[in-house]
Amino acid sequence: MPKKYYFYKSTGNKASAVSRIIDEHLSLRGKIKGIIIYSEKFPGWKPFRALLAHLKFVKEHHRWVKHVAFVTNADVAELLVHVAQHFVSAKVNHFKFNELEHAYTWIRNDTDYGEL
């Protein structure tokens, strides 16, 4: 997998672990071309503090991420994309769970981000 992208497969991993990985990359590179969130179903935010942690992460990182791809069959994905576009500077898109390669292509083919 190219180091320009971060791929997160929802397997019950703590968001804080993902945050640490991304923070480390940002400290070395200063930006990320894309993050892919890959989960067949939407895992939700239980307990409520998980939602708060997610919102804090987005607030602290969105300026340094160019693309976010939700790759999921969850019905809520389109709503997440619509809401996110109002609050983050990243381009946000939704792909069906079987369209992972399309998400990679969408990120790779956007050339207005400059060289990483």
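Below is a table of values for the structure above.
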| item | result |
| --- | --- |
| Helices (runs of 4 or more DSSP H) contained entirely in segment 46-114, each with at least 1 residues that are at pLDDT below 85 | 48-61, 77-84 |
| Residue that is touching a Leu at 6+ places or on another chain (Cβ under 8 Å) and at pLDDT 70 or above, where the choices are K33, K41 | K33 |
| Residue list for segment 68-101, restricted to those being surrounded by fewer than 16 Cβ atoms within 10 Å (Cβ to Cβ) and in contact with a helix residue (DSSP H, G or I) (Cβ under 6 Å, 6 or more places away or on another chain) | S89 |
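The values are calculated or read from the model by the stated rules, or taken from the named source; none is laboratory data. Everything quoted here is computed from the prediction, not taken from an experiment. In this analysis, Cβ positions are derived from the backbone assuming ideal geometry, glycine residues included, and neighbour counts consider all displayed protein chains.
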